[in-house]
Amino acid sequence: MHARSALRSAFALLVCVRFAFAQGGDECSAPAAIAGAGTFAFDTTTATTGADGQANSECYFNGAGAGFAQDVWFAWTATSSESVRLHVSADALLNPKLAVYATAGCPAFAAPLACSTFALPNGDAAVSICAQAGSTYVVQIGSDPGSPAGTGTLTIEPWNGLGANDDCGAPAHLEGMGVFAYDNGPNVTSTGCQGQNESACYYATTAIEWDLWFTWTAPADGIVNVTTCHPGMPTWRDTKLAIYRGAGCPTPGMLLACDDDCVTAGPSDIVALVQAGQTYTLQVGETPFAGFGGPGWVRIEFLSSCAIQGPSGAFCGPKPTSHGCVPSLLGVGDPSLSAASSFHVRATSLEPQRNGLVFFGANGPANLPFQGGSLCVVGPLWRLAVRNTSGSANCTGSFDYTLADLVAHPTGGTFVTPGTRIACQAWTRDPSASFGTSLSSGLDFVVCQ
Ligand SMILES: [Ca+2]
Ligand SMILES: [Ca+2]
Ligand SMILES: [Ca+2]
């Protein structure tokens, strides 16, 4: 129950009178049509409880269950593509609930895009969604089962977050290594359009709910572990993490890594290669509809063990061969100098029976136009000995080098030392391709002892 002053009730009444043109339809098949930003009055006092949208687990709230008592419906059409917030302010006793569905009509058994499974401190209900211009969304407003009906307003407005680092445009900064506390509880955090559509973040859905944003600058080259999988974090917390290159709101190609669950469920664990002095943006949120956000701790540390980062293809992609093969360069094993012959740099999906080689550099990865594709290595570049790709059928060519081959290079070998970030790429002859060459995706790793 949430008491309100007589003054507030009087104000609500005024608002109702002012916006009396839309009160919400009782049936989801006949919703009140509204569009764009604005404040729209609703009245549930004579509404009946419908059959739709009554059993979604996403709308389960405390002991009151998933239902919407005496619900009314709006069909809201977005007039621009942006994050928006839908905010229900209602009579003191109504205990309002709010759901938004990605459909213009009855949702039947469809899960909502968002549901207000919590109350704001003043008892209001609110959700935020990523709206697409021209799309229509159906909005359900009712009471918690057992609470009375009443009147109120639905306010729909552009939304860039509740406070400071709820918005990717205003991240908080994390300094160095350590365990950092955050709070992405639903009363202080919202979900909008930011960082919600990265294909590499797809785990049932690409969304990261109740997300907060941080920047962090790498103090050294190395492999960093950004994780909520640590003893301080309860295992029931179902977080989701993403890390992007650079500062600012995500743009295509910025994503470095993403993770949902540590092992089988719950918190999240990213291992990624970072470059000294570079700033990264961290998005910390929850797996959609898996539970509330709230007080949490994210730990950032360098991994002390030898580890290998997978191909940085998302950063620097391959140049397909004349037969459409997509050359890939993999690191297999640990890039440890104490077992240099056990770490393999392996190029696959090459044209068969062609000469080629792997070249490497000790100044990190690049992504520069080169021979009709991309050069993935910052120079100076050192070439390893030419190998034949062997194989016979299309795309079955491959060759393999070890870390010992890099160490043996007369010039570059002296740079292959513990802590150095090595980038490499495979180059093969391909007479039918532009420039007569094909190129693999990039691979980079930090050498350890
Ligand atoms: Ca109804
Ligand atoms: Ca947010
Ligand atoms: Ca998770």
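The values are calculated or read from the model by the stated rules, or taken from the named source; none is laboratory data. Bear in mind that the values here come from a model prediction, so they are computed numbers and not experimental data. No Cβ is skipped: glycine too gets one built from the backbone with ideal geometry, and neighbour counts run over all protein chains shown.
When the residues of region 34-79 are filtered to those that are modelled with pLDDT under 95 and within 27 Å of the chain's Cα centre (by Cα), which remaining residue is surrounded by the most Cβ atoms within 10 Å (Cβ to Cβ)?
C59
Out of all the residues in region 146-159, which are within 16 Å of ligand 2 (Cβ to nearest atom) and crowded, with 19+ Cβ neighbours inside 10 Å?
W159
All but one of (1) closer than 15 Å to T151 by Cα; (2) more than 10 Å from ligand 1 (Cβ to nearest atom) hold for I34; state the number of the condition that does not hold.
(1)
Give the residues of region 171-194 that are closer than 16 Å to L113 by Cα and within 16 Å of ligand 3 (Cβ to nearest atom), sorted by residue number.
T191
Restricting attention to region 122-129, does a residue exist that is among the polar types (S, T, N, Q), in contact with a strand residue (DSSP E or B) (Cβ under 9 Å, 6 or more places away or on another chain), more than 18 Å from A47 (Cα to Cα) and outside any loop (DSSP other than H, G, I, E, B)?
Yes - at least one qualifying residue is present in region 122-129.
Given T103, T153, which one is away from ligand 3 (no atom under 16 Å from the Cβ), β-branched (V, I, T) and in contact with a helix residue (DSSP H, G or I) (Cβ under 9 Å, 6 or more places away or on another chain)?
Sole residue among the options that is away from ligand 3 (no atom under 16 Å from the Cβ), β-branched (V, I, T) and in contact with a helix residue (DSSP H, G or I) (Cβ under 9 Å, 6 or more places away or on another chain): T153.
Does A290 satisfy the criteria of being among the aliphatic types (A, V, I, L, M) and modelled with pLDDT under 90?
yes
Hey, among V326, V345, which residue is part of a strand (DSSP E or B) and either in contact with a strand residue (DSSP E or B) (Cβ under 6 Å, 6 or more places away or on another chain) or among the small types (G, A, S) (or both)?
Residue meeting the stated conditions: V345.
On the given criteria, is P369 assigned by TED's automatic domain parsing to the domain that holds V416, part of a loop (DSSP other than H, G, I, E, B), farther than 23 Å from A220 by Cβ and at pLDDT 90 or above?
Criteria not met by P369.
Do we have any residue at all in region 227-240 that's buried (at least 21 other Cβ atoms within 10 Å of the Cβ), aromatic (F, W, Y), out of contact with any helix residue (DSSP H, G or I) (no Cβ under 6 Å at 6 or more places or on another chain) and in the same structural domain as F292 (by TED's automatic domain parsing)?
No, the conditions are met nowhere in region 227-240.
Check off (1) of a type in the set (S, T, Y); (2) at pLDDT below 95; (3) over 30 Å from Y182 (Cα atoms) for S304 and give me the number that stays unchecked.
Status for S304: all satisfied but (3).
With respect to the numbered conditions (1) out of contact with any Phe, Trp or Tyr (no Cβ under 8 Å at 6 or more places or on another chain); (2) within 16 Å of ligand 2 (Cβ to nearest atom); (3) at pLDDT 95 or above, which one is the sole condition not fulfilled by V127?
Going through (1) out of contact with any Phe, Trp or Tyr (no Cβ under 8 Å at 6 or more places or on another chain); (2) within 16 Å of ligand 2 (Cβ to nearest atom); (3) at pLDDT 95 or above one by one, V127 breaks only (3).
Select, from N187, N160, the only residue that is modelled with pLDDT under 90, within 19 Å of the chain's Cα centre (by Cα) and more than 16 Å from ligand 1 (Cβ to nearest atom).
Being modelled with pLDDT under 90, within 19 Å of the chain's Cα centre (by Cα) and more than 16 Å from ligand 1 (Cβ to nearest atom) holds for just one of N187, N160, which is N160.
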